[in-house]
Structures are given as structure tokens and as C-alpha cells.
Amino acid sequence: TRKRLERQREDIDAILRHDLKTPAQGMLGIIKLLLEEDSLSDDQQQLLQAAQQSATRMVSMVGNSLDIFTMEEGSYTLNPVPCDLIALYREATRNVAPTSTGLNQELAAFFNGTPLKEGDQQFLQGDPNLLVFMLTNLLQNAVEASPPKGVVTIRINTGKTITLEIHN
């Protein structure tokens, strides 16, 4: 009975992944076509780029659902690649920007004790999609648990190890 339930869960998961991924891929195609239009205002381009990032993230999250399932089962195999933690953090902040902006919250980021600036990089080995998923989730939780007009502080410190702290 347990094996039958596991197979059913896997079948349902596969169907959901397909049924969610297909329309998201369609949205990405439409957004790409719209972004090629020359008559768009800057605001329209920014909105379409945000929609494109969200749809891309959705496709990635659907793909990650299988990874999460295998993690829960204890059979996940990490295939790390070099990735820039600072760039992944910036992507995660774009993901939570609608919530933080709506609550008038500030995201304050520091890298080795100084304010984060353009050009800062910190490479590590990991799965970039899962890291963005994790960072987005942590930032979203911190933003949602903070009072309006609050500050969420992110500190990335390096040394023998890399530490990431999020405070609200």
C-alpha cells in the first residue's frame, strides 16, 4: 500500500509539474514578443521584465519541486556549480520587492561589514536555483514578519566560511 501511495504521489507531482510549466512557458513566449516592441514606455518594459522574471521563477520552482521531493525522500544528489551569492541575493531581492515596497520596508545589505555595492561578488559552489529559492523564502518571511516601514538587514560575511544573516 505504501509503494502504491508513493507511485500515486509521483504521478500527481509529474502531472502538476507539466500542467503548471506549460502555461508558464507560454507566458514567457508572449512576454518575449511584447518586449521586442519598440513602442513600449520604460514603465511598461519594467513591468514586462518583472513578469518575465516571475514566470521564469515559476518554471524554475516547478522544476525544483522534484528536487524537493527527492530531498524529502533522502535521495537528492547535489550537483554544485560555481555561482555568485551576491548576484543570487540581488535576484531574491527583486523577487520580494513587490512585498517590501508595498510595506514601505527597506532592505539594507552589507558585505563584509560595508554596504553592498555594485561589483561586489562572492562565489561559492551550489545549486543557483535552490539558493535563490531559499534566499527568496527567507527574505519574504523576514519582510512579512517586519512592521511596516521597517528595515530588513542582510549581512554576508566571508572568511574561512561564508555566513549570511537576515534580521528584521
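Residues are listed down the side, and each one gets a yes or a no for (1) farther than 29 Å from Asp13 by Cα; (2) among the polar types (S, T, N, Q):
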| residue | (1), (2) |
| --- | --- |
| Asn64 | no, yes |
| Phe69 | no, no |
| Glu91 | no, no |
| Leu103 | yes, no |
| Leu124 | yes, no |
| Thr153 | yes, yes |
| Gly159 | yes, no |
| Asn168 | yes, yes |
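Filtering the stretch 136-163 to residues that are part of a loop (DSSP other than H, G, I, E, B) and either over 28 Å from Met61 (Cβ atoms) or polar (S, T, N, Q) (or both) leaves Ser146, Pro147, Lys149, Thr158, Gly159, Lys160, Thr161. Per the listing Phe123, Phe111, the residue uniquely buried (at least 17 other Cβ atoms within 10 Å of the Cβ), aromatic (Phe, Trp, Tyr) and in contact with a strand residue (DSSP E or B) (Cβ under 7 Å, 6 or more places away or on another chain) is Phe111. Only one of the numbered conditions (1) modelled with pLDDT of 95 or more; (2) of a type in the set (Asp, Glu); (3) touching a Gly at 6+ places or on another chain (Cβ under 8 Å) is violated by Glu106, and that is (1).
Considering the conditions (1) closer than 13 Å to Ile154 by Cβ; (2) of a type outside the set (A, V, I, L, M, F, W, C); (3) free of Cβ contacts under 8 Å to residues at least 12 places away in the same chain, Gln122 is excluded by exactly one of them, (3).
The helices (runs of 4 or more DSSP H) found wholly in the stretch 1-105 and carrying at least 3 residues that are more than 16 Å from the chain's Cα centre (by Cα) and either surrounded by 10 or more Cβ atoms within 10 Å (Cβ to Cβ) or not small (Gly, Ala, Ser) (or both) occupy 2-35, 42-73. Count of the stretch 130-168 residues, restricted to those that are open to solvent by 30 Å² or more (accessible area, probe 1.4 Å), touching a Lys or Arg at 6+ places or on another chain (Cβ under 9 Å) and touching a residue at least 24 places away in the same chain (Cβ under 8 Å), is 4.
The values are calculated or read from the model by the stated rules, or taken from the named source; none is laboratory data. Just so you know, these numbers come straight off a predicted model, no measurement behind them. Quick reminder, even Gly has a Cβ in these numbers, built from the backbone with ideal geometry, and neighbours come from all protein chains shown. We work out accessible area using only protein heavy atoms, side chains counted, and drop any ligands, DNA or RNA first. Shrake-Rupley method; radii C 1.70, N 1.55, O 1.52, S 1.80 Å.
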